[in-house]
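Working notes, structure below.
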Amino acid sequence: TTVPTLVASVLPADFADLGGQVKEIEKAGVDRIQWDVMDGRFVPNITFGPDVIAACRGHVQMGFEAHLMVDNPDPMLPRWVEAGCGIVIVHAESTGHLHRTLGAVRELGARAGVALNPATPLAAVEDVLEMVDLLLIMTVNPGFGGQAYIASMEPKIARARAEIERRGLDIELEVDGGIGAGTIGGAATAGANVFCAGSSLFTGPGTMAERTSALRAAAA
Ligand code: DX5
């Protein structure tokens, strides 16, 4: 079995001290940071733009992924890569030209990810699966941290895992939303190998490092 990858969502971080927070996340042994980019249109919340990500880039070595919860992501694709994101994740629901958008991300030298909201079927990406490096299955409706995990997504995760294996593709299968000690096992059993966690990393008993290793253990 593959070693689980743990990704920290910065949404619950102290936005008044993002430089310090990303250093803490790196020190805690998290593998990657997810920047939850929200435009107030695709989701009912607004977070940050590429300049905020760029400001944090130099503080840590760890990888950055941009999770673009924005309408029409194409015009700003280069900005996320320039800001230091090695992975750019677009929502299948956010562009009418997903094939072109994924190609554009790879053209920029980044790894291409595609995210699916809970109601969006896997069929939405079956014709572009060869163009993605990461498939993100949302286990909450995007926009806010601290929401409850939608367990009914597990069959979808399992179908995605089966399709990836059937085609022999090298795709990271990531889940995001409500991931914590009590839910990560179900997501892992269903077939996810990358786990994005916000509130369960930033809050709870012990240190962030202890919470990180507890999550990793629960996913294995
Ligand atoms: C939701 C974000 C998630 C969320 C995860 O719109 O994309 O990354 O912040 O936070 P938790 O782990 O608290 O659900």
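Within the listed set 60, 37, 70, the Gaussian network model of the chain (springs between alpha-carbon atoms below 10 Å) gives the highest mean-square fluctuation for 60. Only the Cβ atoms of Lys and Arg (+1) and of Asp and Glu (-1) were treated as charged; on that basis the dipole of the stretch 1-137 about its Cα centre amounts to roughly 200 debye.
Multiplying the residue separation of residue 23 and residue 106 by 0.36 nm and subtracting their alpha-carbon distance yields 27.1 nm.
A cut-off under 13 angstrom between Cβ atoms defines the neighbours of residue 119, and their net charge, with Lys, Arg +1 and Asp, Glu -1, is 0.
Run the simple label-point estimate for residue 74 and residue 16 please: 7 Å along Cα→C-beta, distance reported in nm. With each label placed 7 Å out from Cα toward Cβ, I get 4.2 nm. Give the separation of the Cα centroids, the stretch 138-156 to the stretch 164-204, in Å. Cα centroid to Cα centroid, the span is 11 Å. Which percent, nearest 5, of DSSP beta bridges in the chain are antiparallel? Of the beta bridges lying entirely in the chain, close to 5 percent run antiparallel.
Mean separation of Cα pairs under 8 Å and 6 or more residues apart, divided by the residue count, gives the chain a relative contact order of 21 percent.
The smallest convex shape that holds all Cα atoms of the stretch 1-104, its convex hull, gives 119 Å³ per residue.
One quarter of the surface of the convex hull around the alpha-carbon atoms of the stretch 142-220 equals 5.3 nm², the direction-averaged projected area.
Restricting the calculation to alpha carbons of the stretch 107-179 gives Rg and Dmax of 12.4, 36 angstrom. Here the dipole of the stretch 134-183 is about 180 debye; that uses its Cα centre as origin and unit charges on the Cβ of Lys and Arg (positive) and Asp and Glu (negative). With unit charges on the beta carbons (Lys and Arg positive, Asp and Glu negative) and the dipole taken about the Cα centre of the chain, which residue among 98, 4, 72 sits farthest to the positive side? Of 98, 4, 72, it is 4. Rounded to a whole number of µm²/s, how large is the Stokes-Einstein D of the chain at 4 °C and 1.567 mPa s, given Rh as the Kirkwood radius over C-alpha pairs? Value of D from the Cα-based Kirkwood radius: 76 µm²/s. For the stretch 80-210, the extents of the C-alpha atoms along the principal axes are 44, 34, 25 Å, listed from largest to smallest. Among the protein heavy atoms of the chain, carbon and sulfur supply 54% of the accessible surface, probe 1.4 Å, non-protein parts ignored. For residue 153, what charge total do you get from the other residues with a beta carbon under 13 Å from its beta carbon, if Lys and Arg give +1 and Asp and Glu give -1? Residues close to residue 153 contribute a combined charge of 0.
Rounded to the nearest Hz, the phi-derived 3J(HN,Hα) couplings of the stretch 77-82 under the Karplus curve 6.51 cos²θ - 1.76 cosθ + 1.60 (θ = phi - 60°) are 3, x, 5, 6, 5, 4, where x marks glycine and proline.
Here is the size of the stretch 48-148 from its Cα atoms: Rg then Dmax, 13.4, 39 Å.
The values are calculated or read from the model by the stated rules, or taken from the named source; none is laboratory data. As the structure is a computational prediction, the values presented were derived from the model and not from experiment. Neighbour counts run over all protein chains shown; Cβ positions are idealised from the backbone, glycine included. Surface areas here come from the heavy atoms of the whole protein model, side chains and all, with no ligands, DNA or RNA. Shrake-Rupley method; radii C 1.70, N 1.55, O 1.52, S 1.80 Å.
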